[in-house]
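Reviewing the structure listed below.
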Amino acid sequence: MTMARQKPPFETIAVDSWSTFQEVVTGQKYRSWAFRGQADARWPLYSSISRYFREHGVNQKAWAGQEERIVRIFQRKAHLFLEHVPAESDAFQWLALMQHHGAPTRLLDFTWSPFVAAFFALERTTTAAAVWALYPPEIWRVKHKFPARKGLVPGDMLNLRIPDNYTRFFLGNAVPFVVTGEPNVMNQRLVAQSGTFVVPGILSRPVEDVLAMYPNPERTVVKFVLNTTAIREEAMRSFYSMNITNATLFPGLDGMARSLAYELEFHWGYDPKTMKRYPGY
């Protein structure tokens, strides 16, 4: 006998038209929310370091030490390539730099723009995609109990900008909580993408599972499931007209080169898929 899968305590919204998505995410309800696009709606919200540990069979007892180790290695070697070297105690800045350059970290990239998130969800997918939405004010007001600490710790006291918080609250992977925010010094890509980070306190569970245990999950996390077949073509044209492309989201030659992929399916004078010419051409 198979057990029915329990319905998650947060809302899942099926999106079958681009106009519906635009109308919903620009409404009053989703102001001050952060968004993340994922190319496959089945993917949970795991950080890159969580996925690496899980996929390559690293024993959970080693996770904290191995995470600390790669941060230390990066700090020792990155100065060879950096014009500005962060203070050793600025863990958030170091993690953001690692994330920016492709190292596995516990940071998840989010954006304040639902359209940037939808671009990342739809750009190269051929299956149902997802845009996740989190409400930081609801996340920050929750208090958490930590071993060997008296009383509850409010969310704002877990901020990664506070010196030693990374070691004190995150590396142990002991308490399921989530924080959001950006380092004091933001890089060019983070600015271009209107970016922010979501940072889990444990690596063994996806972010949505942690937030499902919060007092008001229905006001904390929402999952939009995008019908790629129905909306991608119109959405990608909208992104193009809004100047949301890889060239603008990833400033530099690499981003410009990545943006050429969509140019293969776009032309001002005709539809490259049907070869039908537009009026006036």
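Remarks
- Taking the stretch 149-173 and a reference point 7 angstrom along Cα→Cβ of Q60, the backbone N atoms nearer than 19 Å belong to 169-173.
- Within straight-line reach of K223, meaning a Cα separation under 18 Å, sit the following lysines at least 8 residues removed in sequence or on another chain: K7, K29.
- Each of the peptides 31-43, 12-24, 49-61 was scored by the mean count of other Cβ atoms within 10 Å over its residues; in descending order, highest first, they stand as 31-43, 12-24, 49-61.
- Per-pair calculated FRET efficiency, R0 = 41 Å: R76 and T274 via Cβ, rounded to 0.05: 0.15
- Under 22 Å from the Cα of K61 - lysines, other chains or at least 8 residues apart: K145
- Dipole magnitude for the stretch 110-195: about 360 debye, using +1 per Lys or Arg Cβ and -1 per Asp or Glu Cβ, origin at the Cα centre.
- As a rough footprinting exposure proxy, the listed residues E67, E88 were ranked by other beta carbons within 10 Å of their own, and the order from fewest upward is E88, E67.
- Using all pairs of distinct alpha-carbon atoms, the Kirkwood hydrodynamic radius of the stretch 228-281 works out to 12.2 angstrom.
- Taking packing as the residue-averaged number of other Cβ atoms within 10 angstrom, the listed peptides 125-132, 248-255 run from highest to lowest as 125-132, 248-255.
- In this Cβ point-charge picture (+1 for Lys and Arg, -1 for Asp and Glu), the stretch 11-244 has a dipole of about 700 debye about its Cα centre.
- Cα→Cβ-extended label distance, 7 Å offset, between A257 and E88, nm: 3.7
- Over every Cα atom in the chain, the radius of gyration and the widest Cα-Cα span, Dmax, amount to 20.3, 73 Å.
- Residues in the stretch 17-48 reached by a label modelled at N227 [backbone nitrogen below 13 Å; 7 Å Cα→Cβ]: 17-21
- A simple spin-label model places pseudo-atoms 7 Å from Cα toward Cβ; at S204 and I13 they are separated by 3.4 nm.
- Highest-first arrangement of 221-228, 142-149, 79-86, 166-173, where packing means the average Cβ count within 10 Å: 221-228, 166-173, 142-149, 79-86
Any read-out appearing in this document is the output of simple, stated calculations on the displayed coordinates, not a laboratory observation. Since the structure is predicted, the reported quantities are computational estimates derived from the model, not experimental observations. Glycine gets a Cβ as well: all are built from the backbone with ideal geometry, and neighbour counts include every protein chain shown.
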